[in-house]
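As structure tokens, the structure follows; a few thoughts come after it.
No lab work stands behind these numbers, since they all come straight from the coordinates. Bear in mind the structure is a predicted one, so any value in this text is a computation, not a measurement. Note that each Cβ is placed from the backbone with ideal geometry, even for glycine, and that neighbours are counted across all protein chains shown.
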Amino acid sequence: MTETALTVHQTARPYGFPTPDHFAFVESAPPVPAPGTALVENLYWSVDPYHREMMDGDFALNAPLEGRTIGRVVESRDPALAEGEIVLHRKGWRTHSVVAPDEVRRLPRFDGVPLSAYLGILGGTGLTAYVGLTRIAQLREGQDLFVSAAAGGVGTATGRLARLMGAGRLVGSAGSAAKAAYLTEHVGYDEVFDHHAAPAADLLAKAAPDGIDLYVDNVGGEQLEAAISALRERGRIVRIGTIAQYNATGAPYALRNLPDIVEKSLRMEGFLVRDYPHLQEELYEFVVPHLQSGRVRLDETVTEGFDRIVDAFLGMLLGENRGKTIVHAPTN
């Protein structure tokens, strides 16, 4: 185990887009676990869009940030946590974490499935996509789907799961032509547009001229408005995130077609994945065989080194990632 521990603190509230100056790396000796806890040396860190929203008030200043993390128990003072065990917990953005047994989830090990998958398609990211498709949207075979921010972690997971579930036409939006090409060539999307190229309503109408049945919304704003217009009667909208507003400093985008929700009998529903932990095993049963067969591959952008976690986070907000953004501690 290393002799020095690092934690990342948020030092100020951002106005608009955050910068490295909003963070500080704090060095200390590794913490000592108290009775009933264990010390975990962290191996993988999840970097997620919702962290930006948390920076506006949910994260305490000058205190370690939180996030999903996978690590190895290196010192235990509780028999329920064996040394050497691999666990997932939420005390991330630090190299070492002290956890109690009720703060961790033990990870099953499936042949051929890397640990990073438990932060991506087998983790909160994949569970978000799975819940959105099966419980909220109730996707049925042959239905047409539009996914915004389709090249992100949830967007790529949604595309892969929807394809496995027999979705019809699968349309996405992304932030560049290169990302659009990746989604159509590797993930299973039928059509993906660069949302910078033209008004979203025009781009979606061209990509899905016959309309859509479902919209998985990671963005909000103009793309949500375009989807409302494109949805057929009794269509469904799954609200997952509002990336378009996370760094905005002005008034939120004002939707101009809200009456369509009534006129077309649309349903719009949001959810928090933390309310669906009981579906974790169901997700494993559905996805793991396809990971093992190679039908589903991991979509992830991995940054090596905990000292680059802030760079990975800011790069994700700038759209530099494809799939899930993960930080990995290189092995010595």
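Model label sites at residue 248 and residue 229, defined 7 Å from Cα along the beta-carbon direction, differ in position by 1.7 nm.
One Cα centroid belongs to the stretch 192-258, the other to the stretch 1-77; the line between them spans 34 Å. Compared with the alpha-carbon gap, the fully stretched path from residue 54 to residue 198 is longer by 48.8 nm at 0.36 nm per residue. For the stretch 98-196, the relative contact order is 21 percent, taking Cα pairs closer than 8 Å that sit 6 or more residues apart in sequence and dividing their mean separation by the residue count. Placing dummy labels 7 Å off each Cα toward the beta-carbon, the span from residue 206 to residue 318 is 2.8 nm. Across the stretch 125-274, C-alpha contacts under 8 Å between residues 6 or more apart give a mean separation that, scaled by the residue count, equals a relative contact order of 21 percent.
Compute, for the stretch 88-127, the length of the dipole vector about the Cα centre, with Cβ point charges of +1 (Lys, Arg) and -1 (Asp, Glu) only. Units Debye, rounded to 20.
Computed charge dipole of the stretch 88-127: roughly 100 debye.
Here each label is just a point 7 Å from Cα along the line to Cβ, and for residue 34 and residue 3 those points are 2.8 nm apart. Computed from backbone phi with θ = phi - 60° and the Karplus coefficients 6.51, -1.76 and 1.60, the 3J(HN,Hα) list for the stretch 60-71 is 6, 6, 6, 9, x, 6, 10, x, 5, 8, 10, x Hz; x is used for glycine and proline. Amide H to amide H, with H built 1.01 Å from N, residue 268 comes under 5 Å of 237, counting only residues 5 or more places away or on other chains. Dipole size of the stretch 125-274 about its Cα centre, with +1 on Lys/Arg Cβ and -1 on Asp/Glu Cβ: approximately 480 debye, rounded to the nearest 20.
Taking only the alpha-carbon positions of the stretch 232-332 and ignoring solvent, what does the Debye formula give for the base-10 log of I(q)/I(0) at q = 0.12, 0.22 Å⁻¹? The calculated log intensity ratios at q = 0.12, 0.22 Å⁻¹ are -0.74, -1.19. Along the axis of the charge dipole computed for the chain (Cβ charges of +1 for Lys and Arg, -1 for Asp and Glu, origin at the Cα centre), the listed residues 150, 315, 290 are led at the positive end by 290. Annotation: the antiparallel percentage among DSSP beta bridges lying fully within the chain is about 55.
The length gained on full extension between residue 82 and residue 255, counted as 0.36 nm times the residue separation minus their Cα-Cα distance, comes to 57.0 nm. For the residues 78, 260, 275, a GNM of the chain with alpha-carbon springs under 10 Å puts the largest fluctuation on 275. Name all residues of the stretch 207-244 having a backbone nitrogen under 18 Å from the label point set 7 Å from the Cα of residue 262 along its Cα→Cβ direction, giving them as ranges. Answer for this model: 228-229, 233-235. Mean-square fluctuations from a GNM of the chain, with a 10 angstrom spring cutoff on Cα atoms, peak among 225, 27, 191 at 27. If you look at the Cα atoms of the stretch 30-99, you get an Rg and a Dmax of 12.9, 39 Å. By the gyration tensor of its Cα atoms, with a ≥ b ≥ c the square roots of the eigenvalues, what is the shape of the stretch 125-274: rounded for a/c under 1.5, prolate for a/b over b/c, or oblate? Judged from the Cα gyration tensor, the stretch 125-274 comes out rounded (a/c under 1.5). Projecting the Cα atoms of 35, 46, 16 onto the charge dipole of the stretch 1-73 (Cβ charges, centred on the Cα centre) puts 35 farthest toward the positive pole. Computed from Cα atoms alone, the Kirkwood hydrodynamic radius reported for the chain is 20.7 Å.
Note on the stretch 22-86: with charges restricted to the Cβ of Lys and Arg (+1) and Asp and Glu (-1), its dipole about the Cα centre is near 60 debye. The mean sequence distance of close C-alpha pairs (under 8 Å, at least 6 residues apart), as a share of the length of the chain, puts its relative contact order at 17 percent. Maximal additional length on extending the residue 275-residue 165 stretch stands at 37.3 nm, based on 0.36 nm per residue less the C-alpha distance.
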